[in-house]
Amino acid sequence: MLAEPCGDDRVASFGLLPVKVERNAYGRQTESFIEMLELDPELHTPHVQTPGQKASDNTKDARYPAIFIRAPKITAIESGVRVLASSGTTPVLVRYKTLLGLSFHPELSPEDTRIHRYFLKMVQS
């Protein structure tokens, strides 16, 4: 909804994020998958362990378990958009000013809160 129009007239876009996307480009829900991604160094912070969680190594070398479910594919980015993670050559996590655009679901990886903490830090500054 934040991206520019996605080629589907049923979707009303806010047009706030200067990227083009293709809706559901990664397939149906039954084709969901997990990919370990390298994140931009700006997202690397020590992991704070919460009660009941196993220790996790979220150091600068740790990869992120990105869960793709009926995900939009970012097909083009405009000037000023920063790519924070890619799947091959395809951006899957981008930032533009105080907006983040993702092709995956970080809320489904509760053991790794780097993206959530990055977003909170981003909007608080």
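Residues that are within 16 Å of N24 (Cα to Cα), modelled with pLDDT of 95 or more and in contact with a Lys or Arg (Cβ under 8 Å, 6 or more places away or on another chain) within segment 91-120 are absent altogether. It is to be established whether one or more residues within segment 50-66 are at negative phi, modelled with pLDDT under 90 and of a type in the set (V, I, T). There is at least one residue in segment 50-66 that is at negative phi, modelled with pLDDT under 90 and of a type in the set (V, I, T). When segment 9-30 is filtered for residues that are exposed (fewer than 12 other Cβ atoms within 10 Å of the Cβ) and not hydroxyl-bearing (S, T, Y), the ones remaining, listed by number, are D9, R10, A12, F14, G15, R28, Q29.
The values are calculated or read from the model by the stated rules, or taken from the named source; none is laboratory data. Source: prediction; values computed, not measured. So basically every Cβ, Gly included, is an ideal-geometry build from the backbone, and we count neighbours across all protein chains shown.
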